[in-house]
Every structure is written in C-alpha cells, then in structure tokens.
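Below is one structure, written out as structure tokens; comments come after it.
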Amino acid sequence: MDEYILELDHITKIFPGVKALQNVNFQLKRGEIHALMGENGAGKSTFIKVITGVHQPEEGTMKLDGKPVQFKSTRDSQEAGIVCIYQHSTAYPDLSVTENIFLGHEITKGKMRTLQWKDMHAKAQELLERLGANIDPKASMGTLSVAQQQLVEIAKALSSQARIIIMDEPTAALTKRESEELYEYTEKLREGGASIIFISHRFEDMYRLADRVTVLRDAQYIGTWDVNAISNEDMIIAMVGREIKQLFPKRKIEIGGEILKVEKLGRTGYFKDISFHVKKGEIVALTGLVGAGRSEVAETIFGIAQPSEGKIYVDGKEVKIKNPTDATHAGLGLLPEDRQKQALILDWEISKNIGLGNMDRFRDGPWYNKAKESGTAQELAEKMAVKASSIYDKASSLSGGNQQKVVVAKALTSDLKLIIMDEPTKGVDVGAKAAIYEIMGELAQQGYGILLISSEMPEVLGMADRIIVMKSGRITAEFKSEEANQEKILEAAMLGE
Amino acid sequence: MKASANTLEKNKTKKTFRELGLLVFLIVLCVIFQAINPTFFTWENLADMLRNTSILAILAVGMMMVMVTGGIDLSVGAIVALAGMVSALTVQYVPQLPAFIAILIGMGVGLGCGAVNGVLVAKGRIIPIIATLGMMNVFRGLTYLISGSKWVSAHQMSDGFKSIATGGIGPINTLIIIAVIVVLIFYYFLNYNRTGRYIYAVGSNPESAVITGIKKDRILIMSYTLLGLLAGLAGVLWVSKFASAQGDTATGYEMNVIAACVLGGVSVSGGTGKVGGLLLGVLLLGVLQNALPLINVSTFWEDFIQGIIILVAILLNISVKRRADKNALKRREI
C-alpha cells in the first residue's frame, strides 16, 4: 500500500481572467490530520473544490491510492469515499437530523425502494451516541446550535464510511469549549481509519490536531511542514508573506467619565441581573461561550429586543430605548456580527453604504442631498483609511477588513458615544484582523467607548481594558486586563462561581 | 446539554400545535354551522361537500409540492381550463371515446403545460411567480382560441364523459375516490421515496442540494410537471362535474389552491409542508364553501367572510405558536 492515500501534483485551475490555483502540490498520508492554512483568497476553497470534483483542474494530476483519478462531479468523489464538511453549513434546516445524515445514501427496501425511516432513525441515534452527542434524530436541523449541526455533519461523514474527510474551517463559528469537543470528534474520525484535511485560520487548531501543515498563498503552493518543526513566526511569514509585528496594537489611552451604565438588566429566557459600565476611551469585552447571552445583551441595549427588567443609563441619565433609532439618538452604535448580511449592501457603492447610516443628516428639505452624502462619506472613509480607488467602488469589491472599516464609517455618520462591536473579527484572516484592531484602538483614542463582544480569547486579552465573563445568562466574573488570563476567563465561562 | 433538550421540547410542541390549532378551529366552525343549520351534519351534505372539495384537494397536493421547492404556480387555474376544454372538444367530436381516454388526454395536456412552466423556471431561471404568471395568460388565451370562445355544453358531451363525475363505487363518488388515491400516492411519494424527499432538500437549501449531487433542475421540472399533470386531471373532472367547458373555467381558482396550502402549514419560502396539514387546510376551505350558503349568508358576503375566516385561522395559528415558544422560554432556567 502507498504511504499516501491522496496525491495532487502540479494542479492549476484557471477561471476566466484569474489563476485560482497555480502548480499546487499536496500529499495526504494515510491516517493523518493535515492542516491546510492560508489567508482568505489564498485558494483554499478552490483547492477543496478540485478534490471534491466541483471544479476540474486545467493542468496537473490527482492520484487516489496511487492510481490517477478524475472527478467529474461531487458524486464521483463521494463514491470514492471523499466527504467534505463545508464552512457554511450545508445543512437542510427544515429536514430532520436523520434525514440530514442520510440524504444521498438513504436506507431503502424492496423494488419500490421505500425509505426505511425506522431503520434510519435508529442508525442515526447510534451514530450520534457513538460520538457521545445528545441530539434527538427526529428534531429539525434548524433548531440545533451551530456546534450541534457540525456534530450531525460529522455523524454524516461517519455514516458514509468516508476514507478522506475534508473539514473547511469547522471551528470558525465555535467557542473554545466547542472547538475542544470538535478536536475530540475529529480524532475519533481518525481512529476510525479516516484521513483528514483540516482547513483553518486558527493556529491553535493546527497545533492541537494536525501532524503536518501545507500553506497556500496567492493561489500558490508555499510549502509543507511537520507541525512540530515550524515556529509561529515562520508560519505567519509563510501565510502572509510578511511579518506581522504586533497583532494587538493596544494604545495607552486616558480613560474618561462613564458613558454607558446598565443596571440589573434582564430579558425573560435569555439573561438576568446584568450590571456593568463603560467609560470614555475604554474597551470593555463581554465574553463567554456561544449561547451565554452576550449577543442578546447587546441586542437589548441597542433596542432590537426589549428588556423585561432593569435600567440603562447614558451619560448618567436614564434612557428608554424602544428601537435602534432611539439607541442611535442616545449615542449608541452597533456593528453587527454578520457584516455582509446585516451591515452592508454589497451591491451599493461605499458612499451610499455610509450615507445609509444616517439619511436624516443628508436631507435638504424634502430632498436627499447626494453631494452632502459624498462629502461626508469621503471624509469618513479617509478617517477610517478605507483602501479603495474611490468612494464610488462597490462594497463587494473590498476585502473583509476594508468592509469592516466601511461599516464603522457608516456608524460614525451618527453622533456616537459608544460603539458595540459584535464578533468584529469572525471569519477574517490575520491581515484583516490586525486592521480591525487598529480601528478599535483608533476609536478608543478618539474618545469613544467600546463594548467588544467576542469569544476569541487572544483578542479579548489583547484589546480590552476590562473583561466581563458571562455564563448561561449571568455575569460570572469581571477582570481588569492586567489580572486576567486565559485560564481564569475559561473557568468563569465554563464553571461560573 | 440542558439547552438542547429544551429546544427539542420546544420544537415538538410547535409541531403538534400547528396542526392541532387548525383542527380545533375546524371543529368549532363545524359546531357553529351545525347549530345554525342542522342539515349540515347529514350524510348527503357531507358527501356533497367532499365531492366538491376533491378537485381542490388534487390541485393542492400538486401545489404543495411546487411550494416546497420554494416556488409557486399561478397558472393552475388556466391549465384546468385548457385541459378541460381540450378533453371536452375531443369528446364533442368523438362521442364514442371511452371516458378514461378523455381523462388521459386532459392529463397529457396538463403534463405538457406543467413541463413548460418547469423548464422556464429551472432552465430559463425566471422566478416562478413571473414565469407562471406569463404562462397563465398563454394557457388562458389558448383555451379561448381553440374553443373559438364558445362553450361546450352538457348536450354536446357524451353520457360516459359526464358520468365520470356522477358515477361512483357504491355510495362513494368517483371524484372522492380519485382524490383519495392521488393523496395516498403523493403521501407515499413525498415521505417514502428518495426523489420525493429531494423536493424538500431542494426547497430547504438549494445550494447544498447541488453539492450533495441532487439534480436540482430535474427536481424543479418534475415538480411543475407533476402539478401540471394533476391540474390536467382536475380539468377533466371539473368539466365533467359541471357538464360545461368554458373559456373562463376556474379563473382565479389558483388563489383558493394557494390559500388551502398556506392554511395547511405549507411555507411560502419552501422546505416545509405536510400532507396531513394540507388536508386540514383543504377541508377548512371546503367546509366554508359548503356551509356559508347553507346558513343563508348572502352570496355577496360569502367571499368577504371566507377571507376573514382564513385570516383568523392563520392568526390563531401564529398566536398559539408564539405562546408555545414563550412558555418554552419561561421554562428555561437562567
């Protein structure tokens, strides 16, 4: 038997006008977990799609078990035992867990190929139990949490007896604890005899799981290393092509008076007894596991949902916030978690997107003053250092970090005192992350208060002045940044008092 | 895993409530009608009501399938008219034609119409509401063209043809039997057949359906074609029942069909819809259409009241569901 189960040799994939992959080499050993790293746009997704048969390469060969293969469709690769767990959930929210697991290879009986639901439910239950997951196979997929959905995807890979499993950024939406569980499941898959390609942005994933790592950059193959044999710095240089000196440019900022105070805030079924404050120039992190109620607190402060008890003060005065407009008038801004869906209209120009933040400001009597909008947009885009050829570029043409800058600029069209940032770096690459931290520091310097909602430990530790930890809808701990560390925060997030 | 147990529980209550709420509403309505007019619960009236509801049931099953894919078909009324007219004209010119051949002809016409809709949506990538709006006018126009805008009346139809809708096995009318068979076949197809389940997959998440290797275009074309086929069948039954084929047959009927689906819990955004719920929706509409004249509501008021009751049923459903969600939240400990 060959040492390698899968080999790709000098693969080139060309889309009209772009080389999406150039001379990429890759070898997957039997029973190994192989990390594939690279910034967004490095070609990882195209690479996977070549392996799964979604795309056919223009040049190069692919060998499975030492024999050349060509996949014309995903069905071909599935039959060869290759399964991909995609980054964006490919689940069917309306269908049951069982059906999600068995779709495409159902259990049937007789000439009519009647579906055997009883058998499938039982089999699904067994698979989920084997993973140690407490999930009802008859529940609809849409009612499960992201982490649970991923478990179902893994059960699916188990059920199809996959030999090669590709996991595309499975930890992107998971908290630390959920990631930990995912590592265990991934190792179970390997013990079951599968070889695994693990794609991720996170170094901790790679160190925790992988035997070897291959790096792609700008559609090109950079190299393959044993994980133990490459240092953090070398890895960053390989991925980014330059050195990132400081990821967290924490500035020394004079902290001023209190801007926001929340007193005994509660919302039935979500959180209770939430009290904290944010001062001028201060970055306060609200952290905890996914589902701890952090985003719900932010939504309630911003008026998207109504509290059932408690009070909110801005600049010492109590405010009643019934909707986001009230919040904006009070001087609160929210940068939502999903940039592309909730904060930007990708088909619109940068200037229009910024203008949308406060249309009242650009009104001239009954008319909308475009020149005013453009002027302000230009000014704010410069202030945020948005990289674009002009403010009339479409938002979709920008990189993740630059899109985030536009979102901030949009928020700044209103007269704000405090900005709530909900997972601002979720799913962006190392370079863009640094840019976003830069923005955060800049905003704090300018005297804005910042409430940072994040489950990324390094980010929370690196950026915040104070750290508030939530667990199951309650605050379990508060730390000054100098007295906090990863262990303390995790303990508070997982165990509480 | 406490939270997950709660979501599961919440989900369960939601599901049972959706259908239960509708059932209770239906029963209450029946009791009221019975109190006003005691002839409501007689064998004759119920049989009559079921007979009148059969065609709606046949169409609703097909419409549900299309709506599950995330689409909609506005042309079913026009297909009913066209298929009915073609079969009636055939019978007019060939009176000795066996009735079942007339049915097959109608179904063939419907199949063709549905296939055109399906190709426009799947291959032409026109959004369903627009594609079928266009074809609705085309089919309606064709109906007027081939009939020369004239009716085919009772005396021009053979007795065999008219007996499709009047005959039956024992006391049970043919229309009811056909509807039951259609519902059973599609119940099996949609729940116990791979291709049937792929319709739900396509509606629930079209992109991953493609990644899974499901031929999405084929599933779409098939759904519209099957609806066309059922509309063709319904067309023949309609013409036979009323013993008259006209250019304006079943004008606007697609709205009744869609209303029945929505009442029965079929989501307009695709992915969900069950035969059981659908039947309740169909029955509710059937009861309304049967009972309103029976309790001496003026014909001028019928549509108005029917609309109000449909809205009330849907509002009740939503509020019951919301309350169940809220209670589930309260049970959650913080």
Margin query: What's the total number of residues in the stretch A:142-157 that are open to solvent by 40 Å² or more (accessible area, probe 1.4 Å) and within 11 Å of chain B (Cβ to nearest Cβ)?
Written below: 3
Next item on the list: Determine which member of the set A:T171, A:T175 is open to solvent by less than 10 Å² (accessible area, probe 1.4 Å), at pLDDT below 85 and away from chain B (no Cβ under 14 Å).
Entry: A:T171
Notebook entry, point to check: What residue, among those in the stretch B:260-304 that are open to solvent by 60 Å² or more (accessible area, probe 1.4 Å) and within 14 Å of another protein chain (Cβ to nearest Cβ), is nearest to the chain's Cα centre (by Cα)?
Noted result: B:K274
Check: How about the stretch A:395-497: which helices (runs of 4 or more DSSP H) wholly inside it have at least 2 residues that are without any contact (Cβ under 8 Å) to a residue 40 or more places away in the chain?
Finding: A:400-412, A:430-445, A:486-494
Note to self: Show me the strands (runs of 3 or more DSSP E) found entirely inside the stretch A:46-141 where at least 1 residues are open to solvent by 60 Å² or more (accessible area, probe 1.4 Å) and at the interface with another protein chain (Cβ under 8 Å from one of its Cβ atoms).
What the structure shows: none
Notebook entry, point to check: Out of the residues in the stretch B:62-96 that are in contact (Cβ under 8 Å) with a residue 40 or more places away in the chain and surrounded by fewer than 24 Cβ atoms within 10 Å (Cβ to Cβ), which is nearest to B:V202 (Cα to Cα)?
Noted result: B:G70
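For (1) open to solvent by less than 40 Å² (accessible area, probe 1.4 Å); (2) out of contact with any helix residue (DSSP H, G or I) (no Cβ under 6 Å at 6 or more places or on another chain); (3) over 26 Å from A:V284 (Cβ atoms), each residue gets a yes or a no:
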residue: A:E349; (1), (2), (3): no, yes, yes
residue: A:G357; (1), (2), (3): yes, no, no
residue: A:S374; (1), (2), (3): yes, no, yes
residue: A:Q403; (1), (2), (3): yes, no, no
residue: A:T413; (1), (2), (3): yes, no, no
residue: A:A432; (1), (2), (3): yes, no, no
residue: A:E438; (1), (2), (3): no, yes, no
Next item on the list: Mind counting the residues in the stretch A:190-204 that are at pLDDT below 85 and either under 21 Å from the mean Cα position of the chain (by Cα) or among the hydrophobic types (A, V, I, L, M, F, W, C) (or both)?
Entry: 5
Note to self: Taking the criterion of being without any contact (Cβ under 8 Å) to a residue 40 or more places away in the chain and of a type in the set (F, W, Y), would at least one residue in the stretch A:184-196 satisfy it?
What the structure shows: no
Next item on the list: Note down all Cβ pairs under 6 Å where the first residue falls in the stretch A:120-146 and is over 18 Å from B:S204 (Cβ atoms), the second is open to solvent by 50 Å² or more (accessible area, probe 1.4 Å), and they're at least six residues apart or on different chains.
Entry: A:N134/B:M1
Checklist line | Any helices (runs of 4 or more DSSP H) falling wholly within the stretch B:227-334 and containing at least 2 residues that are of a type outside the set (A, V, I, L, M) and either touching a strand residue (DSSP E or B) at 6+ places or on another chain (Cβ under 6 Å) or modelled with pLDDT under 85 (or both) | finding: B:299-331
Note to self: So B:A209 passes all but one of these: (1) within 30 Å of A:K49 (Cα to Cα); (2) surrounded by fewer than 16 Cβ atoms within 10 Å (Cβ to Cβ); (3) modelled with pLDDT under 95. Which condition number does it fail?
What the structure shows: (2)
Next item on the list: Among residues belonging to the stretch B:161-206 that are open to solvent by 60 Å² or more (accessible area, probe 1.4 Å) and in a loop (DSSP other than H, G, I, E, B), point out the one that is nearest to B:S269 (Cα to Cα).
Entry: B:P171
Check: Looking at this structure, is B:G232 crowded, with 24+ Cβ neighbours inside 10 Å and within 14 Å of chain A (Cβ to nearest Cβ)?
Finding: no
Note to self: Restricting to the stretch A:253-267, and then to whatever is in a loop (DSSP other than H, G, I, E, B) and open to solvent by less than 70 Å² (accessible area, probe 1.4 Å), can you tell me which residue is farthest from A:M463 (Cα to Cα)?
What the structure shows: A:G257
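The values are calculated or read from the model by the stated rules, or taken from the named source; none is laboratory data. Treat the numbers as computed from the prediction; the structure is a model and nothing was measured. In this analysis, Cβ positions are derived from the backbone assuming ideal geometry, glycine residues included, and neighbour counts consider all displayed protein chains. When the accessible area is computed, the model is the full protein with side chains, heavy atoms only, and any ligands, DNA or RNA have been set aside. Shrake-Rupley method; radii C 1.70, N 1.55, O 1.52, S 1.80 Å.
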